[in-house]
Structures are given as C-alpha cells and as structure tokens.
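Mind having a look at this structure? Questions to follow.
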Amino acid sequence: MNEKNYDLLPEEHIEYIDSDGTLPLVVSPSHTFGTDALLLADFANVHNGQKVCDFGTGCGIIPFYWLRESTLKEVWAVEIQEKACNQLTRSIENCEKAKDIHLLHTDLRELKGKIEAGSLDIVTMNPPYNAADHGKASDDTARKIARSEADGTLEEICLAAAYVLKFGGAFCICLRPERLSEAMIAMHNAALEPKRLRFVHQKSTDAPWLFLLEGKRGRKPGLTVEKPLCLQTQNGEPSEELKHIIGSYKKN
C-alpha cells in the first residue's frame, strides 16, 4: 500500500481492518472508532447478498467491517460531516474491496430521493450517547455531533431508518443503558418493533455499560434478551467472544 495515495494529514493514519491489509482505513482523532462500533457491526448479523447502510458512519469502520465478513449486494454509508466524508472517500478510492460503497454526504433526515424507500435489509447507527439537552457541551464540532444529538434526535434517526428499510428489515443501535426505554419507545413509534436486546459488560461481575438493540420494521411485539456480552475475563484478559469479533488485524 502506498500511503502517498491517501494524502494523509499530519493527524491522520491508516488502520488495517483485516489481517492481510486489503481493507485500510483512514482515521484521525476526530473520526476514529472504538470497540462499541465493532460490537454493533457484529450484532447487526449481516449476511451475504444483503443491502445494508450505516448512518453517521464517521470514518467508515462499520461498512469496512461488513466487507471483511461478507459479500454484500449494496453498501451505503451516510455522514453529515465533511471531514469524515473526505477521510472515507480516500479510503474507498484506495481500496478495491470498498469501491462499491455508496457514500452520501447528507443529513440522515433528508434521505428521500437519495436511497430508495423500503429497499434495505439492515441499517445501523452508533448514535450520540447524550440527548441534545444533556451532557457536557463540546467546543469541537465533530465531538459535539458525535456525542450529542446536534444533528438528529433518536426519534428522527428511527424514522429515517424506517423510511429506507424493507418490511422486516432491521435497525440496530448501541447506547448507554440509561437510554434503553427512550430507544425502545422511539423504535416502536417509528414502526420498528424492538425484537432483540443484548447488554455489554466489561466483566461478568460489572453492571452493563452499553446495550445493543435491534428493531424490525412492521413486526409484531416480542423481545428476545440475549445472553450478556462480556468483554473481559475476571483476570482482565479479552474474552474469547471479543477476540472473535475483533478478528485479526494487520499491524501498522
């Protein structure tokens, strides 16, 4: 890989999403990814031949993760921030496996006419953890959008997902446990019935710090709570499930 092709800024670098280095991703302090994004990408349970989309995609980690795991019919990535889109554009242009990602630089509340209504199998979003009027404000625009609902409430996000999903299609999110009831209500009100829930713990003895929730468009009520996902053993080592989700990365 020739990093000169990426025109990297001083604060940017390349992260390899697979072991053989065929999925290099441009990341920066403002637009990077954490464990929660990988957990969400895995939880979405994407299968070969599906049409999928990631809202608020940032650097594009979730679409790239899916491309590592599956052969997909259609991949969309929606992002409102110009810098993040610039990063992902360069990642796509320099990655043969990612060349068919459809990147939309747009507000997810304005998808009409940009993605066909009722066309997608799965949509994900790692939404802002704080509601618009909660949490400490940030002077950094990228951090503000990432951490609070500056560009879309949870209700608006669910409505946008419902618009592009086919009947029975799934919308998957991850959030802090204190927002679980809010998330379930927002999904239900958008005709995305909550169907699958999983709590994420650092260790089995810890309270959950995250939940993963799937809602399905047009389905009847009936929620399955899956077994907890523990990221560490009691000795502080990464759990076998976490290691499986992360997979093998090529070292820089």
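Leaving out ligands and nucleic acids, and using a 1.4 Å probe, what accessible area per residue does the chain come to in Å²?
On the way: 12180 Å² over 252 residues.
In whole numbers, the chain has 48 Å² accessible per residue.
For E241 and E3, FRET efficiency with R0 = 35 Å and r from the beta-carbon atoms, rounded to 0.05?
Numbers: r = 33 Å, r/R0 = 0.95.
The value I calculate is 0.60.
How large is the helix-only mean residue ellipticity at 222 nm for the chain, computed as the sum of -39500 (n - 2.57) over DSSP H runs with n ≥ 4, divided by its residue count, in deg cm²/dmol to the nearest 500?
Numbers: 7 runs with 65 residues, N = 252.
It comes out at -7500 deg cm²/dmol, rounded to the nearest 500.
About the Cα centre of region 163-252, how large is the charge dipole given +1 on each Lys and Arg Cβ and -1 on each Asp and Glu Cβ? Please answer in debye to the nearest 20.
Numbers: 15 positive and 9 negative charges, 84 e Å.
In debye, rounded to 20, region 163-252 gives about 400.
With θ taken as phi - 60° and the coefficients 6.51, -1.76 and 1.60, list the Karplus ³J(HN,Hα) couplings across region 117-131 in order, rounded to whole Hz; mark glycine and proline as x.
Per residue, the Karplus-derived 3J(HN,Hα) values read 4, x, 10, 9, 7, 9, 10, 10, 7, 9, x, x, 6, 10, 5 Hz.
Beyond a 21 Å Cα-Cα separation, which of these cross-linked pairs lie in this structure: K216/K243; K112/K166; K73/K99; K99/K243? Numbers along the way, then the final one.
Numbers: K216/K243 28 Å; K112/K166 15 Å; K73/K99 13 Å; K99/K243 28 Å.
Distance filter (> 21 Å) returns K216/K243; K99/K243.
Continuing with the same structure: Considering only protein heavy atoms and a probe of 1.4 Å, how much of the accessible area of the chain is carbon and sulfur, as a whole percent?
Details: 5850 of 12180 Å².
About 48 percent, which is the carbon plus sulfur part of the accessible surface.
By how many nm would the segment from T71 to W209 lengthen if fully extended, with 0.36 nm per residue of separation less the alpha-carbon distance? Could you put the intermediate results ahead of the total?
Working: separation 138, 0.36 × 138 = 49.68 nm, distance 3.17 nm.
Extra length available between T71 and W209 comes to 46.5 nm.
Let me ask another. Return the equivalent ellipsoid semi-axes of region 155-248 as a descending list in whole Å, where each equals the square root of 5 times an eigenvalue of the C-alpha gyration tensor. Please report the intermediate quantities before stating the final value.
Numbers: eigenvalues 160, 38, 23 Å².
Over the Cα atoms of region 155-248, the semi-axes work out to 28, 14, 11 Å.
Per-residue counts of other Cβ atoms within 10 Å, averaged by peptide: what ranking do you get for 157-163, 167-173, 201-207, 92-98, highest first?
Working: 157-163: 23.4, 167-173: 21.6, 201-207: 12.1, 92-98: 16.7.
Sorting 157-163, 167-173, 201-207, 92-98 by mean packing, highest first, produces 157-163, 167-173, 92-98, 201-207.
The values are calculated or read from the model by the stated rules, or taken from the named source; none is laboratory data. Since the structure is predicted, the reported quantities are computational estimates derived from the model, not experimental observations. Here the Cβ is made from the backbone with ideal geometry for all residues, glycine too, and neighbour counts use every protein chain on show. Just the protein is used for accessible areas: all its heavy atoms, side chains included, with ligands, DNA and RNA removed. Shrake-Rupley method; radii C 1.70, N 1.55, O 1.52, S 1.80 Å.
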